[in-house]
Every structure is written in C-alpha cells, then in structure tokens.
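Read through the structure below, which is laid out as structure tokens, and then see the notes.
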Amino acid sequence: MPEEPCQCPDCQRFYREHDRLIREFSTLRQQQELNWAALQSFRTLSGRVLEDLQKRYGTSNNELLSTPSSSSGITDEQLDSLQQAIVDLENINAHLFSIEALMERIFDVKVPEAIEQKFRELAGELAPDPLNADRLRLNRLLHQTPDLPDKS
C-alpha cells in the first residue's frame, strides 16, 4: 500500500504548483523553456542580492571582519550571519552556473511532433484539470473535502 501524500500546507501548495506546471507546460519544448527561465530568474535575483550585500558590507570575510561592528550599527552576531549569508549565496551562484551548463545540453534535444503529442497526452493524465467537475466530485467523495458547495 503506497504511503499517503503529505497534507501539510507547504506540500499541498507544491502538489498544486507541480500539477499546474505540467498542465500549462505540457510539451518537452515548453518544459525546457520554463526550466531555463526559472534558472535564469533564480540566478538574476540571487546574483543581485549577493552583489548588493558585497557592495554594502564588503566582498570578503576580511573586509567584513575589518568593519567595526559598533560603527556600522550591527552586532557581532549579525556580522557573523551576514558573512555566512554571503558565503552561502556565493555557493548558490556557483551551483546555478553549473546547472546552467548542464541545462544547455537539454536544449540540444529536439523531438518530433508525435513525441510532443505524447507529452501532452501524459500531462493530462499526470495533472488533470483540478476544476474538472468529475474530479472535484471524486475528490469530495474520496477525501470528504468540501470542494463543491452543497446545493441547499
């Protein structure tokens, strides 16, 4: 018997987003483009935050350490936290560059229209329309959830 999916709000939000992305981007090409855009937006935002932190607080641990805490208005604990955040963001950005290099290889793959159609077909099975009346009724029956208002 398979384990029940987690019902916490974070997992439920993930399941909904997962299914939405499959429904709305149901071909190989659309998934390639979606993932490339997500990666680029992640790199852009984390890179900009790192750049801002480095400009504001220094680009290395030595510069951060040489900044007197009292004159900058931050505590030693906050300074340690900033140092760790900068190191972590530098690592994230390095990983994102590596992922980008790998993802470029994904764009080398092109499939015929018949295969793209198979993607669309299976997407409908993997992530059917959550607002489909039959699915809502079935969900309500199986899980006793109030997906459809009772007609009183």
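So the check is Cβ under 8 Å with 6+ separation or different chains; which pairs have a first residue in segment 66-81 that's outside any helix (DSSP H, G or I) and a second one that's modelled with pLDDT under 55 and of a type outside the set (A, V, I, L, M, F, W, C)?
That search, which allows pairs on different chains as well, returns T75/S69.
Under 9 Å by Cβ, and 6 or more places apart or on different chains, what pairs join a residue from segment 102-121 that is over 12 Å from R29 (Cβ atoms) and touching a residue at least 24 places away in the same chain (Cβ under 8 Å) with one that is surrounded by 13 or more Cβ atoms within 10 Å (Cβ to Cβ) and among the hydrophobic types (A, V, I, L, M, F, W, C)?
M103/W36; M103/L39
Going through E90, E100, E17 one at a time, which residue ends up being acidic (D, E), modelled with pLDDT of 90 or more, surrounded by 11 or more Cβ atoms within 10 Å (Cβ to Cβ) and under 17 Å from the mean Cα position of the chain (by Cα)?
Unique residue meeting the criteria: E100.
Please go through segment 21-45 and give me each residue that is under 13 Å from the mean Cα position of the chain (by Cα) and not aliphatic (A, V, I, L, M), ordered by number.
Within segment 21-45, N35, W36, Q40, S41, F42, R43 qualify.
For segment 66-87, enumerate the residues that are surrounded by fewer than 13 Cβ atoms within 10 Å (Cβ to Cβ) and modelled with pLDDT under 80.
S66, P68, S70, S71, G73 - these are the residues of segment 66-87 that are surrounded by fewer than 13 Cβ atoms within 10 Å (Cβ to Cβ) and modelled with pLDDT under 80.
Looking at segment 1-32 only, could you name the residues that are in a helix (DSSP H, G or I), hydrophobic (A, V, I, L, M, F, W, C) and under 30 Å from E104 (Cβ atoms)? Can you show your working first?
First, pick out the residues of segment 1-32 that are in a helix (DSSP H, G or I): 9-24, 28-32.
Filter once more, keeping what is hydrophobic (A, V, I, L, M, F, W, C): 11, 14, 21-22, 28.
F14, L21, I22, L28, listed by residue number.
The values are calculated or read from the model by the stated rules, or taken from the named source; none is laboratory data. Not measured: the values here are computed from a predicted model. Cβ atoms come from the backbone with ideal geometry, glycine included; neighbour counts cover every protein chain shown.
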